[in-house]
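So the structure is just underneath, and the comments pick up after that.
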Amino acid sequence: MIALLRRDLALAVRAGGGFGLALAFFLIVVVLVPFALGPDTSRLAPIAPGILWIGALLACLLSLDRMFALDFEDGSLDLLATAPLPLESVILSKALAHWVTTGLPLTLVAAPLGVLLNLAPAGYPWLVISLALGTPALSMIGAFGAALTVGLKRGGLLLSLLVLPLYVPTLIFGAEVARRGADGLALETALLLLAGVTLAVVAAMPFAAAAALKINLR
Amino acid sequence: MLSVENLACARGGLPILEGVSFEVKAGEALILRGPNGIGKTTLLRVLAGLQPALEGRVEGAENLAYAGHADGIKAMLSVTENLEFWSDVFGGTGQVDVAVQAFNLGSLADRRAANLSAGQKRRLGLARLLVTGRPFWLLDEPTVSLDVASVALFGDAVRAHLAGGGAAVMATHIDLGLEARVLDVAPYKAKPRAAADAFDEAFL
């Protein structure tokens, strides 16, 4: 499992691995919003948490279809399925690698980008905490979607349609934590629900994704 | 080691082979022959556990290493890195340097797989079998794009594997000079019948 994680991380940072894609997309979205809405800080501040969350979510979505497609094309997935490693662990380490290469960097750059949107000072820690808690769920749900669509050519559209509804709870509670944090309101309920969604997803999705993958490998 | 009894398998929901029975003992190799599209690949995938059998029993298909049409090589990793990865996935017991020697990849060890020729890639894919340390090989057209010298290398590797108590089932059209039984799968061609689980397949 560690070998697979290490290989995926090595592949991601080498040329053509698509490591910077999600980050660049996130940056572009956040930079463009003030241009579109105007530089009025009183208008930007209230929507900043929501925009940052949507940006992070869409950036996550961007690289999902590569998660299994590349291994499927070059035959690695067949070989991994016959390896002593259970398919569930393959999926877990793939999702972890995806999180380390997209979710984690997005979480880290979200705070500096919050400045561009005039996020209220109280909101920064909560934005980072909500992204750190929420993005693992995005990667894990994405792994499930990628496993479902792995055999399809140009499966990206179907993947987005399948995955987006499943992203909604994470988006709602994640953005709620960031917004309430920025407004200085009580946010424990939203925070606990966000963490709950992530835990449930990480616990259940590997099995669902492994079942989907087995069908697609036939 | 492996025993197959009255096996039927399907491709795309349509049965293509039925009533296949054979046994492979340790130290033996079985060569599958038959025209294109008869179901050699499907049979191997069923044996590898990648797809379920329609009916029949497969026993002892454990600890296997499967090599299909695709080599499972990452273009951006070097030859050694590719082999080390598969060795780690299969428990880290395989010896990468032995595999590199066996398939004459020594001069290419640090080369990125993207820069290898088709035959060199195939050699790397076959070297992967050695690092898995698995006793039972399932090989699908292992000699595609290999030159004569490399085919001989592969023949030596299979012979050494069998001598070490391993076993192999392979689908191939060329003569490897192995003392192996040949199973012609053409007589097991399934008679046309309604697709089993047609609804299921259509839904998925």
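Rule-based calculations on the coordinates, nothing more; no lab input. Treat the numbers as computed from the prediction; the structure is a model and nothing was measured. Glycine also receives a Cβ, built like all others from the backbone with ideal geometry; neighbour counts cover every protein chain displayed.
Side notes on the structure shown:
- In chain B, helices alone account for a calculated mean residue ellipticity at 222 nm of -9000 deg cm²/dmol, with every DSSP H run of four or more residues adding -39,500 (n - 2.57).
- Dipole magnitude of the stretch A:63-218, debye to nearest 20 (Cβ charges: Lys/Arg +1, Asp/Glu -1, about Cα centre): 180 debye
- Counting only aspartates and glutamates at least 8 places from A:Lys94 when in the same chain, those with an alpha carbon closer than 13 Å to its own are A:Asp8, A:Asp65, A:Asp71.
- Chain A, relative contact order in percent, only Cα pairs under 8 angstrom and at least six apart counted: 27 percent
- Options A:Val30, B:Ser3, A:Trp53, ranked by Cα towards positive dipole end of the protein assembly as shown, top entry (Cβ charges): A:Val30
- Taking Cα atoms only, the orientation of helix A:41-62 departs from the longest principal axis of chain A by about 0 degrees.
- Inter-chain Cβ neighbour count for B:44-57, averaged per residue, equals 2 (cutoff 10 Å, partner chain atoms only).
- When restricted to Cα atoms, the stretch B:1-51 yields an Rg and a Dmax of 11.2, 35 Å, respectively.
- Segment B:Ala114-B:Thr93, extension gain: residue separation times 0.36 nm, minus the distance between their alpha carbons: 4.9 nm
- Cα gyration tensor, chain A - rounded (a/c under 1.5), prolate or oblate: prolate
- Entry note, the stretch B:39-165: relative contact order of 33 percent, from Cα contacts under 8 Å with a spacing of 6+ residues.
- Residues of type lysines that B:Lys40 reaches as a straight line, Cα spacing below 24 Å, ignoring anything fewer than 8 places off in the same chain: A:Lys214, B:Lys25, B:Lys121, B:Lys189, B:Lys191
- Counting only whole DSSP H helices of chain B, the ones at least 20 Å long by C-alpha along their axis and with mean Kyte-Doolittle hydropathy no lower than 0.5 are B:148-163.
- Counting only Cβ charges, +1 for Lys and Arg and -1 for Asp and Glu, the dipole size of chain B around its Cα centre is about 360 debye.
- Selected from A:Pro136, A:Leu85, A:Val115, residue furthest toward positive end of dipole (the protein assembly as shown; charges at beta carbon): A:Val115
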